[in-house]
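Engineer: There's a structure below that I have some questions on.
The values are calculated or read from the model by the stated rules, or taken from the named source; none is laboratory data. On a predicted model such as this, the values are computed, not experimentally measured, just so you know. We place every Cβ from the backbone using ideal geometry, glycine too, and count neighbours over all the protein chains shown.
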Amino acid sequence: MVDTIMMPQTHIAAIAVEKAYRKGEHKVPVLLGVDIEVRRGEFVSIIGQSGSGKSTLLHLLGLLDGPDVGEVKLYGERIDDLPQHSRDELRNRVFGFIFQFYHLLPELTVMENVLTPLMIRHSAWSYWKSRKAFQEQARELLDRVGLGHRLGHKPTELSGGEMQRAAIARALMGNPEVLLADEPTGNLDSETGAEIMDLLRNLNGRNDLTIIMVTHDESIAQQAHRTVRLAEGRLEAWVEAA
Amino acid sequence: MYKFLLCTRYLRTRYIALASIISVMLGVATMIVVNSVMAGFSHEMRSRIHEILADMVLEAMSMDGNQDPDWQMEKIREVAGQYIEDMSPTVEVYGLLTFRYGGQYIPRPVTLIGIEPASKNRVGDLAIHLENYKPTKDDNGNIVRPAEYALDHDPGWDLPATFMESRRLRAMERQAMRNHDEDDDGAQADGHGEQADDALLEKLGQTATDDKGKEEALGALMKARLYVGAQLISFPFPDKNEKKTRTVWMCQPGDDVMISTVSAGKSPEPRSFHATIVDVFKSGMSEYDSNLVFMNLDELQRIRGMIDPPDDPERGVRSITSIQIKLKDFKDAKIVADRLQAAFPPGFYTVRTWEQKQGPLLAAVDVESTILNVLLFMIIAVAGFGILAIFFMIVVEKTRDIGILKSLGASSQGVMSIFVSYGLSLGMVGSGVGVVVGLLFVRYINEIERALTYITGRKVFDETIYYFPSIPTRVDAFTVLWVASGAILIAIMASILPARRAALLHPVQALRHE
């Protein structure tokens, strides 16, 4: 822990965050005081069993949820208590999400799915004005993830690996600084999973993208710079990747 | 931007939304059609009432009337001459019309109106409602007999020649029968046949009038002449063999009928007299056609004793109960009414416009249309609840997508506006199509009616009942606008609740939603 505090350029950090969910009458504690700091350009994987709270931690970091106790900081600034619209904007500009089940919008084509972050960011008019440039950008991104030939397809017409590539392209479209990946390979066979991991490592290396990835698979987790284990609501061990 | 994209995508991919579009459309179309038809009917009715009633009436407070129509008209011209186009003096009184049909004497309560047909025709439309001015047509609409008079012919109290001829023939027949009966030892007929009719009419007639100059010349007309409302002397008869409703006439021009009424004066006395029908009055307003009998004014005044002194019809001062006034512009009615009110002593005269005279009827139509509108608007409200239910369903179905959008940085208002604009577009499409369908329906309502009649084999819109040759319609742009915007408003309101629910979804829970 001392190591991380000494590290320069802390990008995003969670400090003593606690989170509990209500299930009927009972309060189910999920996180019991977790500290994590991630440097800029670092690729961190959070490993843990189902129900260990790793997804919840990711959601807290990505401002999809607020902690009961504790703080989330971006460049040392507290961000979890910002007003709703600022948090919406941060999600749009700073964070990119990748989910286990891809979570593409089924009504939209691959191209449109990838463009959604920009549609959300810009007003209808300013989006319309620069839509050509945006579309060009999206095409480039999709080319990079190897989906250049699938632009007009609906998500249901794609394979799992292709959907995840599309989801990655969507996450990158907003030019985020932090990529939050929730079991990105969890639903894919090992070969496709390996391809996705290659893509993520590639992005991390080339774009100086901070990546925080949640997984329950040790072999996947080990591909990151460092691995953090979450068990029973606490961070248990630090494993530096080779 | 994503709002519009998703909104249009949902619109195109959720066919269940079509159900709510259709219900909105049907509601809007129904409202437009019903409103147009009702407006058409009431407009037609109003114009017919207006045609018959004249713009304004100066009425005497008592049934006895006020004396000296010339002086009254002079006075009216004096105070409001520049607004007045024409005037006609009338006497209105209640009476009983009795005629014989199918071996029975049929009495009908009537409003007896003494008129001068020429001036009456100038203050309102009279001639166009008289049967002698219309050609007789057979069932297929072919003219079998041309109109007796052209429309520019002033209506009068003469019987057209064709009717005159048959009247004379009947009188001759009757006379021959009577002579024959007398030969047969004066045996009374068995209660059938024309002579019994005459006998009874004569008996009735003995009560008061001095109308004994009857049949001096063979087939000569009575002094009292009538235009009788068509429904008083006819009835629709559904012919089961031909599946047609035909009108059966119980009397015809040239027939004599009995009129009973009361005399003017402090103690009214019954008066009965014979009168000859010279024409049939058919305006299409059932209230008039089943109630009004027009009569020659001077004879009515004489019979009711409205001439002073009574034994000098030539120079005596006559009384009338009302003066019908036609204005140059009906917009001036208020001014004229005020001036007349001031000029004539209030205890003896009242001034009313035709709208005031028919106030309860017109008010009833208004109330009817208001209630109908409220009820029909509930149809659209039902459509609104349909939208509400369908939207809740779509929100549940789209919960995960909402979570995705939020994770991508969409705000709650943004998510809400997806569904509100979805509701707005449903409302707009629904009411837009509804307006088009409604207007087309109104435009082709008579063709549709014919098609329905052809398919069902039953007449949907029976002219013999309604008197309109086709279904009258009147589209009011304001009503259409009002209905359409009301429907859109309801669609928006119905979508706000589900949209709020969508907006308030917690992103994490939404993402977990399976």
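Engineer: Sort out for me the helices (runs of 4 or more DSSP H) sitting completely within segment A:41-153 that have 3 or more residues that are within 12 Å of another protein chain (Cβ to nearest Cβ), in contact (Cβ under 8 Å) with a residue 12 or more places away in the chain and more than 15 Å from the chain's Cα centre (by Cα).
Structural biologist: A:110-121
Engineer: Sticking with this one: Take B:ILE418 and decide whether it is within 19 Å of B:ILE492 (Cβ to Cβ), within 14 Å of another protein chain (Cβ to nearest Cβ) and either modelled with pLDDT of 85 or more or in a helix (DSSP H, G or I) (or both).
Structural biologist: The answer is yes for B:ILE418.
Engineer: Continuing with the same structure: Considering only segment A:101-145, state which residues are within 17 Å of B:LEU5 (Cβ to Cβ) and of a type in the set (D, E, K, R).
Structural biologist: Once the filter is applied, which keeps residues that are within 17 Å of B:LEU5 (Cβ to Cβ) and of a type in the set (D, E, K, R), segment A:101-145 yields A:GLU107, A:GLU112, A:ARG121, A:LYS129, A:ARG131, A:LYS132.
Engineer: Within segment B:395-403, is there a residue that is in contact (Cβ under 8 Å) with a residue 12 or more places away in the chain and more than 13 Å from chain A (Cβ to nearest Cβ)?
Structural biologist: yes
Engineer: For the structure I just gave you, tell me whether B:GLY114 is assigned to a helix (DSSP H, G or I) and either touching a Cys at 6+ places or on another chain (Cβ under 7 Å) or within 30 Å of B:SER62 (Cβ to Cβ) (or both).
Structural biologist: For B:GLY114, the condition - assigned to a helix (DSSP H, G or I) and either touching a Cys at 6+ places or on another chain (Cβ under 7 Å) or within 30 Å of B:SER62 (Cβ to Cβ) (or both) - is not met.
Engineer: Let me confirm something: among A:GLY51, A:GLY41, A:GLY70, which residue is under 29 Å from A:ILE196 (Cβ atoms), buried (at least 16 other Cβ atoms within 10 Å of the Cβ) and modelled with pLDDT under 90?
Structural biologist: Sole residue among the options that is under 29 Å from A:ILE196 (Cβ atoms), buried (at least 16 other Cβ atoms within 10 Å of the Cβ) and modelled with pLDDT under 90: A:GLY41.
Engineer: Among the residues that make up segment B:84-93, is at least one of them over 27 Å from B:ARG315 (Cα atoms) and among the β-branched types (Val, Ile, Thr)?
Structural biologist: For segment B:84-93, residues over 27 Å from B:ARG315 (Cα atoms) and among the β-branched types (Val, Ile, Thr): present.
Engineer: I'm trying to understand the selection: among the residues of segment B:489-514, which are farther than 30 Å from A:GLN100 by Cβ and either within 14 Å of chain A (Cβ to nearest Cβ) or at pLDDT below 85 (or both)?
Structural biologist: none
Engineer: Shifting gears a bit: Looking at segment B:232-248, can you tell me whether even one residue there is in the same structural domain as B:ARG168 (by TED's automatic domain parsing), of a type in the set (S, T, N, Q), surrounded by fewer than 13 Cβ atoms within 10 Å (Cβ to Cβ) and not in a strand (DSSP E or B)?
Structural biologist: Looking for residues that are in the same structural domain as B:ARG168 (by TED's automatic domain parsing), of a type in the set (S, T, N, Q), surrounded by fewer than 13 Cβ atoms within 10 Å (Cβ to Cβ) and not in a strand (DSSP E or B), one finds at least one in segment B:232-248, hence yes.
Engineer: Which ones in segment B:8-22 are over 23 Å from B:TYR444 (Cβ atoms) and not in a loop (DSSP other than H, G, I, E, B)?
Structural biologist: B:THR8, B:ARG9, B:TYR10, B:LEU11, B:ARG12, B:THR13, B:ILE16, B:ALA17, B:LEU18, B:ALA19, B:SER20
Engineer: Exactly one of (1) in the same structural domain as B:ALA230 (by TED's automatic domain parsing); (2) surrounded by fewer than 20 Cβ atoms within 10 Å (Cβ to Cβ) is unmet by B:SER88. Its number?
Structural biologist: For B:SER88, the exception is condition (2).
Engineer: Go through (1) within 25 Å of A:MET119 (Cα to Cα); (2) assigned to a helix (DSSP H, G or I) one by one and return the number of the condition A:SER219 breaks.
Structural biologist: Going through (1) within 25 Å of A:MET119 (Cα to Cα); (2) assigned to a helix (DSSP H, G or I) one by one, A:SER219 breaks only (1).
Engineer: Okay, next question. Hey, among the residues in segment B:465-481 that are assigned to a helix (DSSP H, G or I) and surrounded by 15 or more Cβ atoms within 10 Å (Cβ to Cβ), which one's modelled with the highest pLDDT?
Structural biologist: The residue in question is B:VAL480.
Engineer: Report yes if B:GLY486 is in a helix (DSSP H, G or I), under 18 Å from B:THR8 (Cα atoms) and modelled with pLDDT of 85 or more, otherwise no.
Structural biologist: No.
Engineer: Oh, and also: When segment A:154-165 is examined, which residues are found to be surrounded by 13 or more Cβ atoms within 10 Å (Cβ to Cβ), part of a loop (DSSP other than H, G, I, E, B) and away from chain B (no Cβ under 14 Å)?
Structural biologist: Once the filter is applied, which keeps residues that are surrounded by 13 or more Cβ atoms within 10 Å (Cβ to Cβ), part of a loop (DSSP other than H, G, I, E, B) and away from chain B (no Cβ under 14 Å), segment A:154-165 yields only A:LEU158.
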